[in-house]
Each structure stands twice: as C-alpha cells, then as structure tokens.
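Each remark here refers to the structure printed beneath this line.
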Amino acid sequence: MDVQPSGSSDRRPARIELKHLRFATLACSCGSFRRAADLLRIRHSALSRSVAQLEQLIGTTLFERSTAGIRPTRAGSSFLSRATAILEQIDALIQSAGCGAGTCSGQLSVGLCASGSTGNLRAILADLGRQCIEVTAIERSPTDLHGILRNGLADVIIVPERPRSIDPGSRALWHEGIFVLLSADNPLASREAIYWTDLLDQTILLGTNEQACGLAKIIEPYLVAHGIEQKVRRQNVSRQVIQSLASAGLGVSFVLVSETGSIGDGLIWRQLRDDRGQIQVCFQVHWRPGNKNPALRCFLKLVADYYPSPEGGG
C-alpha cells in the first residue's frame, strides 16, 4: 500500500503506474499534450499533470515544452523508448494469458481515415462480425493513427500513402486515383485530364484539418517537384469547406475517387495525371508484428483472402 506523508495534502502517487507510461509515450508520439489528450478522451490538464507526476517520480524532465508542442529531452527519449518496449511486453503478456485461459475477447480495434465501404474493407468487416468479433473503429488523421498503433491503442490501421515498398507489419490493399476538384466554370473543366503543369496558374487549396485523410501530405512532394508549392493556400477548415471554396471559384483542390460520391453541386473532378499515368495513392494496412490478438489473426487471414497478391509500390 502506498503511504503519503502525514499531514500532506499532495495526492501524487508514490510509484509509477502504467497510465503514467501510456500517457507519456502517446504524448511523445503526438508531439502535443493536447492532441494526446484528445485521442484518450481525457482533459488536457489531466494528461499534463500525469506527465508532470512521472517526471517528479523519476527525477528528470522528459519533455521540452513550447507553444509549438513538446519534444523529448535526451534523457526523455531514452526513457520513453524503454517505456514503449515495456508496454508492448505487458500487452503481449495480457493477450497471451487471455488466450491460454480460453477467454479471448474477440475484439479488434481498427484505425481508419476513410470510409469503411472502400475497396473490400466493408466485406472484411462484415465477415469479422459473422465470426462474432466485435470491431471498434477509430477515425483520426494518418499521423495520429500511427501514434495510436505504436502505443497499442489500435490493432490495425488503414491509411493512404504514396506507393512504396512494403515493410514488415504492413500490406498493400488497394490503389485509388487522385482527382482535381474544381468549379464547373474553371477553364480546366473542359479537359478530360489535368497535368501538374496545368496547375501553374491555379490557386491550390489544401486543408490543415487534422481529421483529414492525409491527402495533402501525399500531394505536397509532387507540388514541390513541379515548382507549384508557392501556389498553395492553406485553410484551417474541413474538407467540406474546402469544397465550398473551390465551388466559389477561389481555387482548386484534390479528392480521392472514393470521395467523389459526396461532392456538392457546382463542382466537377478531373483525373490528375503525369507522363506515367494517373496519380494514385495506395491504401495500406499496418499492424504491430508482436500483437498476439487472435482477432488480428482472423483479420489478416481475411485480408490475404480478399487481396491474395500484395500490390507492390511503384
């Protein structure tokens, strides 16, 4: 039992608890106390207080704090790396104990930033339901989803990325074409396809909303490569507002083919191409190789059934 000094009103714990480590490692992944608190659905002050308690308990500062966010100190980086490894071992121990006792929960946490009806994903999720596996969906930006996966808050995440080689713990699922979104009276509307050079005289609208599906980050390297980055106007608004601005003729933006069904009036979309064909993104599934959740094994088997030939990057 933890004993506090007599007469003390301080409620600090006398030992490190698992929540201290989970909160601190997630904050490190997010680069922000506030973003980590939002992911955990707790108050920002509660997470900040937990990290401060941990720093006092171990006698060192874990983070450099600034208005731009947080960054681990040298000591903090070493500590948090070991804490992450410890948490992964504990999670694996709990999962293996449950399986040994025949009490697996049959639950799978899936991180998404796109519609669950895209590709064969809807069929995979339906098959999981028929196998009595309870699926919990988490919708976040790709950056946040990778942090959630590293911290064990999701079993798998599905995110769009530029086509590339596949790493252990990931698999290519499907490709989607990128379209240019523009008003019906834009001069480019008469073209069947739009090339990067066609955008040199256009204002390009990109959002900064953290809930966006990461398309802006995929597009940015192309814009830099073609010398168009100076035409970008960033808007801290949702994709729906970006569409409204494009509809008003204030610029052009980009959209995935799976999103064109929800486009409003006054907008059209045209294929975005280069000399090799249409520009595409690859939706990939990521998981932690050490995750022993039986529901994850079922999910990955279904992925292999629905996508029998992993698609290589290009």
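Details
- Applying the criterion of being open to solvent by 10 Å² or more (accessible area, probe 1.4 Å) and in contact with a Lys or Arg (Cβ under 7 Å, 6 or more places away or on another chain) to the residues of the range 145-157, the residue that is farthest from Gly31 (Cα to Cα) is Leu149.
- If you check Thr203, Thr197 for being loosely packed, with under 14 Cβ neighbours inside 10 Å and either at pLDDT 90 or above or touching a helix residue (DSSP H, G or I) at 6+ places or on another chain (Cβ under 7 Å) (or both), only one passes: Thr197.
- One residue from Leu245, Leu256, Leu250 being open to solvent by less than 40 Å² (accessible area, probe 1.4 Å), at negative phi and not hydroxyl-bearing (Ser, Thr, Tyr): Leu256
Quick grid of which residues meet (1) at pLDDT 90 or above; (2) in contact with an Asp or Glu (Cβ under 9 Å, 6 or more places away or on another chain); (3) farther than 30 Å from Gln131 by Cα:
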{"residue": "Arg234", "(1), (2), (3)": "no, no, yes"}
{"residue": "Gln243", "(1), (2), (3)": "no, no, yes"}
{"residue": "Ala246", "(1), (2), (3)": "yes, no, yes"}
{"residue": "Leu250", "(1), (2), (3)": "yes, no, yes"}
{"residue": "Asp265", "(1), (2), (3)": "no, no, yes"}
{"residue": "Ile268", "(1), (2), (3)": "yes, no, yes"}
{"residue": "Asp274", "(1), (2), (3)": "yes, no, yes"}
{"residue": "Cys282", "(1), (2), (3)": "no, yes, no"}
{"residue": "Arg297", "(1), (2), (3)": "yes, no, no"}
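- Gly266 being over 22 Å from the mean Cα position of the chain (by Cα), surrounded by fewer than 14 Cβ atoms within 10 Å (Cβ to Cβ) and either polar (S, T, N, Q) or farther than 15 Å from Thr197 by Cβ (or both): no
- For the range 128-144, the set of residues classified as open to solvent by less than 30 Å² (accessible area, probe 1.4 Å) and not β-branched (Val, Ile, Thr) consists of Leu128, Arg140, Ser141, Pro142, Asp144, listed by residue number.
- Test set (1) surrounded by 14 or more Cβ atoms within 10 Å (Cβ to Cβ); (2) at pLDDT below 85; (3) hydrophobic (A, V, I, L, M, F, W, C); (4) within 24 Å of the chain's Cα centre (by Cα) - Cys104 fails condition number: (4)
- Top-ranked residue in the range 130-186 [being over 20 Å from Leu39 (Cβ atoms) and of a type in the set (Asp, Glu); ranked as modelled with the lowest pLDDT]: Asp167
The values are calculated or read from the model by the stated rules, or taken from the named source; none is laboratory data. On a predicted model such as this, the values are computed, not experimentally measured, just so you know. Heads up, the Cβs are rebuilt from the backbone with ideal geometry, glycines too, and the neighbour counts pull from every protein chain shown. Accessible surface areas use protein heavy atoms only, side chains included; no ligands, DNA or RNA. Shrake-Rupley method; radii C 1.70, N 1.55, O 1.52, S 1.80 Å.
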